[in-house]
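Here the structure comes first, spelled out in structure tokens, and everything after it is commentary.
The values are calculated or read from the model by the stated rules, or taken from the named source; none is laboratory data. Here the structure is a predicted model, which means the values were calculated and not measured. Here the Cβ positions follow ideal geometry from the backbone for every residue, glycine too, while neighbour counts run over all protein chains shown. All accessible areas refer to the heavy atoms of the entire protein, side chains included, with ligands and DNA or RNA removed. Shrake-Rupley method; radii C 1.70, N 1.55, O 1.52, S 1.80 Å.
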Amino acid sequence: MSVVNNLRVSTISPTLRVVLTNECNGKCFFCHREGCLFSKESPLIMNTKMIEEIASTINEIGLSKVIFTGGEPTLYDGLLKAVYIISESCSDVQMEMTSNGYNIEQILDVQEYLHKITISISSLNEDIFMKYTMVNPYTVIDKLSPLKHLKKAISVVITKENILEIDNIINLFSQNDYDIKLQFVISERQDEQEWEREILHKLFQTYGMFEMKLGSTPMLYRKLDSGSKMKIKLYSLNQWMYDNIFVRQNCLSCPYKKKCTERGCSIRVFPNGWVTPCLNNYKVFNGDSVKKNILDAYKFIML
């Protein structure tokens, strides 16, 4: 019996990701840092004027979702003000945040404005999570538990350090009403591909059939018995998508497509006003106006 059914192609509507700072407490070797072109040792911090310009652009384009990210967005001193500006200026926009939960009090300060929070988790094992994010996942659950209105999710990169914990991580967070996204470290080595297949086979045996959802970032998808949703982000699905489904002309012509982990699914605004439509920085808009940079990026990605 096939583990993948109900093939669907979703409409692609690129999300705006606002990179408030490139600073981060984490030291995760697998972190893509939102494709940032600058070292996190050279601090970049978004100013209020730029937030206001971004808010104006959101209204002009008519975007429905904005994600605050970093670096680690809770290290951004003006987080509450930034979220408030977008909230007051863009009444119909859904606001989300991606964080490792390091400065979790900042999340509590802005939670009334947020629709969803996604926490990056490396492990339940103290030796491992102290090595990467220095964030105790049990503390995250306890602190966020009272926020019943807030949709919650975790993102876990599967590595050889945490592989034996995957079932425990899924069970713990699904029982606490978190959606779960699993993804693999990309490798061109054949033995690493075999390792990925073994993990997938085990997940299929444990959780049953998955649906394949095709969009800007292909996913395997399943709703768990707890009601939580589990998604698996696969590099191999992305390669298959390039060969079989036409998505965007600019993605198909990208010289970095062989190693790409997403298909231009987000427009990223960096603290210096530069804007890129993809992690590969295939195209970077770096004019003096952040508004024009955002508009040009959306025009480019919708070609």
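Put a plus charge on the Cβ of each Lys and Arg, a minus charge on the Cβ of each Asp and Glu, and nothing anywhere else: the dipole of the range 1-148 about its Cα centre is then about 460 debye. Taking the alpha carbon gyration tensor of the range 46-142, multiplying each eigenvalue by 5 and rooting it gives semi-axes of 28, 12, 11 Å, largest first. Among Leu234, Leu75, Leu224, the largest mean-square fluctuation in a Gaussian network model of the chain, built with springs joining Cα atoms closer than 10 Å, belongs to Leu224.
Amide H contacts under 5 Å for Arg268: Arg17, Thr276, Cys278, restricted to partners 5 or more places along the chain or on a different chain, H placed in the peptide plane at 1.01 Å from N. If you count the DSSP beta bridges with both ends in the chain, what percent of them are antiparallel, to the nearest 5? Approximately 25 percent, going by the DSSP bridge assignments. Mind telling me which of Ser155, Ser123, Ser289 comes out most flexible in a GNM of the chain, alpha-carbon contacts under 10 Å? Most flexible of the set in this elastic network: Ser289.
Measuring with a 1.4 angstrom probe and ignoring ligands and nucleic acids, Lys229 comes out at about 80 Å² accessible.
When the square roots of the Cα gyration tensor eigenvalues are ordered a ≥ b ≥ c, the ratio a/c for the range 111-203 is 1.5 or more and a/b exceeds b/c, which makes its shape prolate.
Between Gln94 and Arg197, the C-beta separation translates, for a Förster distance of 51 Å, into a calculated FRET efficiency of about 0.90. Averaging Cα coordinates gives a centre for the range 105-129 and one for the range 14-28; these two points are 13 Å apart. Remark: accessible surface ordering of Arg268, Arg33, Arg197 (largest first) is Arg197, Arg33, Arg268, probe radius 1.4 Å. Taking 0.36 nm per residue of sequence separation and removing the Cα-Cα distance, the Ile128/Leu108 pair yields an extension gain of 4.7 nm. The smallest convex shape that holds all Cα atoms of the chain, its convex hull, gives 134 Å³ per residue. The gain in end-to-end length when the Asn281 to Ser64 segment is fully stretched comes to 75.7 nm, 0.36 nm per residue minus the alpha carbon separation. Ligands, DNA and RNA left out, the accessible area of the chain computed with a 1.4 Å probe is 49% carbon and sulfur.
Surface analysis of the chain yields an accessible area of 48 Å² per residue, using protein heavy atoms and a 1.4 Å probe. For the listed residue pairs Lys148/Lys299; Lys131/Lys223; Lys27/Lys160; Lys160/Lys181; Lys151/Lys258, the alpha carbons are over 28 angstrom apart in Lys148/Lys299; Lys131/Lys223; Lys151/Lys258. Each of Trp195, Trp274 has its accessible area taken with a 1.4 Å probe; listed largest first, they run Trp274, Trp195.
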